[in-house]
Amino acid sequence: MGLMNQPFFRSVVLTFAIAFSGPAIGQAQETSAQASLSVQGRPTVYKSVVALRGKCFNESRVIVIATEKPLTAKQYEQVVKANAEETQTLEGYVSYIKASFKEDGTLRYLVGDGGGAVFSKKNEASQTILQGKATVTGDHVKGEVTLNEPGEYSKVAKIVFDLPILTQAPAAK
């Protein structure tokens with residue numbers, strides 16, 4: 001009997017070791033994110049993805065916004081002040097994709113302006129082209145959003161993120 005339990009014991013020890021080292025691993029990956037948008041086959045890769053809190057009317061939203069270059073302080077303020085679920089024109093006509101979530105992680109909208117298209121997609125049970133979910137833990141958000149819209153103006157967008165939620169504009173680099 002003792003020999004049969006040995007592999008089980010090893011896996012428990014291994015699982016415990018991984019779980020125990022988890023927070024250290026998590027901190028190393030704290031700012032991992034990637035985002036892309038393809039409109040009619042023309043790809044745009046966004047190198048900067050940040051998370052912040054905004055509002056839709058009086059409801060709090062967690063916003064994940066992807067841009068080609070880091071947001072300036074003024075653009076950050078524009079995102080915070082705008083309705084979290086609407087498309088917007090950022091200073092300098094910046095191309096972006098923006099996902100807004102309720103505090104419970106439910107995806108509400110994916111909006112964007114890039115690749116020659118301005119779009120706004122609401123996440124509704126009746127549609128299947130937009131999928132996404134986030135886990136909001138204090139001032140941290142992790143999740144994924146995908147849009148796969150076929151047709152004449154086909155759009156494919158993807159944002160994968162594991163980010164701290166910023167409370168002020170990121171420092172200029």
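Points to keep in mind about this one:
- The aspartates and glutamates whose alpha-carbon is closer than 16 Å to the alpha-carbon of LYS69, local same-chain residues fewer than 8 away aside, are GLU77, GLU91, ASP113.
- Among SER32, SER38, sorting on how many other beta-carbon atoms sit within 10 Å of each Cβ, with the fewest leading, yields SER32, SER38.
- C-alpha center-to-center spacing [segment 98-173, segment 37-65] in angstrom: 5
Every number in this text was worked out from the coordinates using simple rules, so none of it is lab data. Everything quoted here is computed from the prediction, not taken from an experiment. Cβ: placed from backbone, ideal geometry, glycine included. Neighbour counts: every protein chain shown.
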